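The values are calculated or read from the model by the stated rules, or taken from the named source; none is laboratory data. Just so it is clear, the structure is predicted and the values come from calculations on it, not from any experiment. Here the Cβ positions follow ideal geometry from the backbone for every residue, glycine too, while neighbour counts run over all protein chains shown.
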Amino acid sequence: MPQNTDEKNEKLADTGFISEKIKQRPINRKKLLRRTAITFFLAIVFGIVACFTFLLLQPVFSDKLYPEAEPESISLPEESAQDELTPEEMFADDNEIAASEAMSLEATQKDQIDEAIASYQFTALDYAQMMGSLKAVATESSRSMVTVTALSNDTNWFNESFESSGSSSGVIIANNGSYYYIVVPSDAITDAETIRVTFVDGAVASAALSLSDDITGLSVISVRRSALTESTRDKVMTADLGSSNSNSLTGLPVIAVGSPLGIQDSVSYGILTSEKTTLELEDSYYRLLTTDIYGSTHASGALVNLTGQVIGIIDMSHNSDGLENHISAIGITELKALFEDLSNGRNRAYMGIHGATIPADVITREGIPVGAYITQTEMNSPAMMAGIQSGDIITSMNDAEISSYEQLLSKLAQCSPDDVINVTVMRQGPGGYIELELEVTLGSSTHS
């Protein structure tokens with residue numbers, strides 16, 4: 001064994017007994033496994049927190065960096081007397097053409113035509129062709145119809161949770177490029193936690209409530225266009241809103257689309273039987289269209305004419321006794337202004353009056369003041385609270401003269417909830433009419 005020596009080769013201390021061996025530190029497998037598990041768990045927690053943070057903040061950052069343009073306001077064209085066609089105007093071109101052709105035909109030719117028409121035998125094929133043309137109109141109109149389903153979570157007697165739903169037909173009344181706006185009966189979506197809309201091709205999208213009208217019981221909901229595929233958007237059509245403001249609709253054929261039989265996508269054909277009935281609804285002048293179509297008391301949808309224009313929104317709640325199952329609708333003309341307000345989220349003012357316009361000959365004969373005649377005030381309404389009574393005649397509103405009930409409603413439509421308006425009222429007393437100045441604080445007839 002070697003020994004240590006110095007430079008002079010002298011023997012130093014004996015170091016042979018020293019033996020060094022480096023031994024590796026033993027691994028604590030339990031501790032390593034515990035640390036690995038903790039690290040893995042913290043990584044999962046960090047990932048979850050990061051994910052939720054991204055989901056919560058992403059819309060905020062998106063709105064800040066890429067703000068979405070405000071959707072355009074909905075504007076439905078107003079009708080005027082010039083837009084209405086008289087029966088003579090509707091057939092003027094045909095009469096002129098017929099007269100011109102008749103003058104160019106010789107007597108023998110006319111006789112031959114008359115004879116051919118008289119001898120023609122109509123067959124079942126002719127009837128089938130006629131019904132086929134009606135079906136084509138109904139099919140095209142159905143592109144603007146949707147099924148609105150209201151979903152909500154309920155609990156039964158055994159505390160078992162289940163999902164309940166109800167459905168109704170809705171009508172696509174407008175499209176501003178960002179949203180589809182759909183009118184639907186309010187009771188179909190009451191207390192709904194989720195509103196689901198099914199379109200003509202079966203595509204489904206979620207909807208949000210815009211506003212509901214407490215007077216008509218109609219609501220407007222909206223669906224984002226981006227929620228639908230391009231294929232669905234190509235199939236969907238916005239309804240062509242026609243006119244119910246005419247004296248020549250009675251007796252014309254109409255088609256009920258939506259769910260006139262209480263069954264979705266059902267269709268019925270019939271005749272319009274009346275159009276002059278005024279609904280007894282406050283702050284309004286809506287007209288009821290009645291038909292000879294026998295349907296369900298739970299019917300919903302729309303009435304369309306033979307050109308596919310919507311002339312009324314089906315509403316069975318105003319039917320008279322004995323006609324509960326005959327399809328009726330609120331005329332579209334008076335509803336257009338309401339749909340515009342509901343689509344734009346514009347709350348409507350509420351006064352709570354029923355009224356009428358006094359005929360000019362009665363005014364002259366009886367010496368009645370010109371204005372809006374009040375037939376009734378709703379209980380606890382702003383009008384009643386202000387002291388307006390049945391039999392009163394409103395002659396001015398905010399210093400603007402009122403000459404008819406329709407004019408009063410037009411002025412009221414320009415007001416907003418909580419507005420304070422001044423009305424001049426003529427009230428009949430023992431010695432004649434006396435003038436009263438009343439102040440009315442308006443309420444709201446809409447809610448979201």
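Take segment 337-361 and flag every residue that is within 18 Å of R427 (Cβ to Cβ) and among the hydrophobic types (A, V, I, L, M, F, W, C).
Passing the criteria: M351, I353, A356, I358.
Select, from S266, S244, the only residue that is at negative phi, touching a Gly at 6+ places or on another chain (Cβ under 9 Å) and not assigned by TED's automatic domain parsing to the domain that holds F339.
One residue alone meets the criteria, S244.
Taking S231 and the conditions (1) more than 17 Å from T198 (Cβ to Cβ); (2) in the same structural domain as P185 (by TED's automatic domain parsing); (3) more than 20 Å from the chain's Cα centre (by Cα), which numbered condition does it fall short on, given that it satisfies the others?
With respect to (1) more than 17 Å from T198 (Cβ to Cβ); (2) in the same structural domain as P185 (by TED's automatic domain parsing); (3) more than 20 Å from the chain's Cα centre (by Cα), S231 is out only on (1).
Which condition from (1) surrounded by 14 or more Cβ atoms within 10 Å (Cβ to Cβ); (2) at positive phi is the one that V440 breaks?
The number of the failed condition is (2).
Scanning segment 240-264 for residues that are of a type in the set (G, A, S) and outside any strand (DSSP E or B), which turns out farthest from I332 (Cα to Cα)? Break it down stepwise before answering.
We begin by selecting, within segment 240-264, every residue of a type in the set (G, A, S); these are 242-244, 246, 248, 251, 256, 258-259, 262.
Next cut, outside any strand (DSSP E or B) only: 242-244, 246, 248, 251, 262.
On the way: G242: 7, S243: 6, S244: 6, S246: 11, S248: 15, G251: 18, G262: 21 Å.
So the residue we want is G262.
Which residue pairs have Cβ atoms closer than 6 Å, lie 6 or more positions apart in sequence or on different chains, and pair a first residue in segment 324-337 that is touching a residue at least 24 places away in the same chain (Cβ under 8 Å) and more than 17 Å from I182 (Cβ to Cβ) with a second residue that is in a strand (DSSP E or B) and aliphatic (A, V, I, L, M)?
From segment 324-337, the pairs are I327/A256; I327/I293; S328/L288; G331/L289.
Could you please let me know if A329 is surrounded by fewer than 22 Cβ atoms within 10 Å (Cβ to Cβ), aliphatic (A, V, I, L, M) and touching a strand residue (DSSP E or B) at 6+ places or on another chain (Cβ under 9 Å)?
It is false that A329 is surrounded by fewer than 22 Cβ atoms within 10 Å (Cβ to Cβ), aliphatic (A, V, I, L, M) and touching a strand residue (DSSP E or B) at 6+ places or on another chain (Cβ under 9 Å).
Any idea which residue in segment 402-446 is nearest to S381 (Cα to Cα), counting only those that are among the small types (G, A, S) and under 25 Å from the mean Cα position of the chain (by Cα)?
Top of the filtered list is G443.
Between V183, V197, which is under 24 Å from L306 (Cα atoms), at pLDDT 95 or above and surrounded by 13 or more Cβ atoms within 10 Å (Cβ to Cβ)?
Result: V183 is the single residue among V183, V197 that is under 24 Å from L306 (Cα atoms), at pLDDT 95 or above and surrounded by 13 or more Cβ atoms within 10 Å (Cβ to Cβ).
Could we say that E275 is assigned by TED's automatic domain parsing to the domain that holds T290 and touching a residue at least 24 places away in the same chain (Cβ under 8 Å) here?
Criteria met by E275.
Here's the yes/no breakdown for (1) of a type outside the set (D, E, K, R); (2) farther than 26 Å from N344 by Cβ; (3) modelled with pLDDT under 95:
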{"site": "P359", "(1), (2), (3)": "yes, yes, yes"}
{"site": "T364", "(1), (2), (3)": "yes, yes, yes"}
{"site": "M384", "(1), (2), (3)": "yes, yes, no"}
{"site": "I393", "(1), (2), (3)": "yes, yes, no"}
{"site": "D399", "(1), (2), (3)": "no, yes, yes"}
{"site": "P417", "(1), (2), (3)": "yes, no, no"}
{"site": "P430", "(1), (2), (3)": "yes, yes, yes"}
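Considering each of D240, D292 in turn, give the residue that is surrounded by fewer than 17 Cβ atoms within 10 Å (Cβ to Cβ) and touching a residue at least 60 places away in the same chain (Cβ under 8 Å).
Going through D240, D292 in turn, the sole match is D240.
Out of E324, E334, E340, which single residue is under 15 Å from S445 (Cα atoms) and either surrounded by 20 or more Cβ atoms within 10 Å (Cβ to Cβ) or of a type outside the set (K, R) (or both)?
Checking each option against the conditions leaves just E340.
Among what's in segment 261-281 and is among the acidic types (D, E) and more than 21 Å from the chain's Cα centre (by Cα), pick the residue that is surrounded by the most Cβ atoms within 10 Å (Cβ to Cβ).
Step by step, filter segment 261-281, then rank; the result is E275.
Which residue pairs have Cβ atoms under 8 Å apart, sit 6 or more places apart or on different chains, and have a first residue in segment 189-200 that is of a type in the set (F, W, Y) and a second that is surrounded by fewer than 18 Cβ atoms within 10 Å (Cβ to Cβ)?
Within 8 Å, the pairs are F199/T232; F199/K235.
Within segment 403-414, how many residues turn out to be buried (at least 17 other Cβ atoms within 10 Å of the Cβ), of a type outside the set (K, R) and over 12 Å from A356 (Cα atoms)?
Of the residues in that region, 1 qualify.
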